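For reference, the structure discussed in these notes is given below.
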Amino acid sequence: MSDTTFAPASVAAPIPVRQILPWIVFGLLMVLALYFVGAEEGATSLIPGMYVHEWVHDSRHLLGFPCH
């Protein structure tokens, strides 16, 4: 039996922040959009009134969120 071990020839390079940052920003924007479409009404409302709710009303139904 051989007692050899695997030694990788190279180490994986870390991903630069400049390449990850756009994906992080995109993800945060999508979470914010999901909040406004899915939860911006009633007790969880950040903006008073029904303006945001009415603005995203059709997309709420399209995505399957109940609203009335």
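The values are calculated or read from the model by the stated rules, or taken from the named source; none is laboratory data. Keep in mind that what you see is a predicted model, and the values were worked out from it rather than measured. Reconstructed Cβ throughout: ideal geometry from the backbone, glycine too, with neighbour counts over all protein chains shown.
So here's what we get for this one:
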| item | result |
| --- | --- |
| Residue check, Leu46 modelled with pLDDT of 80 or more, exposed (fewer than 10 other Cβ atoms within 10 Å of the Cβ), more than 13 Å from the chain's Cα centre (by Cα) and not β-branched (Val, Ile, Thr) | yes |
| Residue within segment 9-17 that is surrounded by fewer than 10 Cβ atoms within 10 Å (Cβ to Cβ) and assigned to a helix (DSSP H, G or I) present | yes |
| Identity of the residue in segment 18-43, outside any helix (DSSP H, G or I) and among the charged types (D, E, K, R), that ends up farthest from the chain's Cα centre (by Cα) | Glu41 |
| Residue identified as surrounded by 11 or more Cβ atoms within 10 Å (Cβ to Cβ) and modelled with pLDDT of 85 or more among Leu63, Leu29, Leu34, Leu21 | Leu34 |
| Search result, residues across segment 49-60 that are surrounded by 10 or more Cβ atoms within 10 Å (Cβ to Cβ) and part of a loop (DSSP other than H, G, I, E, B) | Met50, Val56 |
